[in-house]
Amino acid sequence: MDFAPALRTFLSTLGYTVFGVIVFALAYWAMVKISPFSITKEIEADHNTALAILMASVILGLAIIIAAAVHG
């Protein structure tokens with residue numbers, strides 16, 4: 001049995017996953033640094049639905065861009 005193709009696929013998937021998580025973390029960090037208020041407090045304590053939708057749209061947009069880059 002030759003496990004090389006499966007291992008190569010697993011490692012590339014793992015690499016893309018790590019890359020995606022890093023990009024999402026950087027995007028969240030940038031949004032936190034740019035905003036003049038606490039995003040966590042606004043969403044969790046004040047139940048700011050509009051801000052939650054904005055953050056979700058940023059995450060979905062990044063997911064689409066990363067998926068398109070990975071897919072080619």
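The values are calculated or read from the model by the stated rules, or taken from the named source; none is laboratory data. Worth saying up front: this structure is predicted, and the values here are computed from it rather than measured. Virtual Cβ from ideal backbone geometry, glycine too; neighbours counted across all protein chains shown. Please note that ligands, DNA and RNA were not included when accessible areas were found on the heavy atoms of the full protein model with its side chains. Shrake-Rupley method; radii C 1.70, N 1.55, O 1.52, S 1.80 Å.
Tally up the carbon and sulfur contribution to the accessible surface of the range 9-53 as a whole percent, 1.4 Å probe, everything protein left in place.
Ligands and nucleic acids excluded, carbon and sulfur reach 75 percent.
Given a Förster radius of 25 Å and the C-beta distance between Val32 and Leu60 as r, what FRET efficiency does 1/(1 + (r/R0)^6) yield to the nearest 0.05?
After rounding to 0.05, the efficiency reads 0.85.
Using only alpha-carbon positions, what ratio does the radius of gyration of the chain give when scaled by 2.2 N^0.38 Å?
Rg over 2.2 N^0.38 Å, computed on Cα atoms: 1.51.
Could you calculate the contour length gain from His47 to Phe10, that is, 0.36 nm times the residue separation minus the distance between their Cα atoms, to one decimal place in nm?
9.4 nm
Accessible area per residue for the chain in Å², computed with a 1.4 Å probe and the full protein assembly in place, what is it?
On a per-residue basis, the chain sits at 79 Å².
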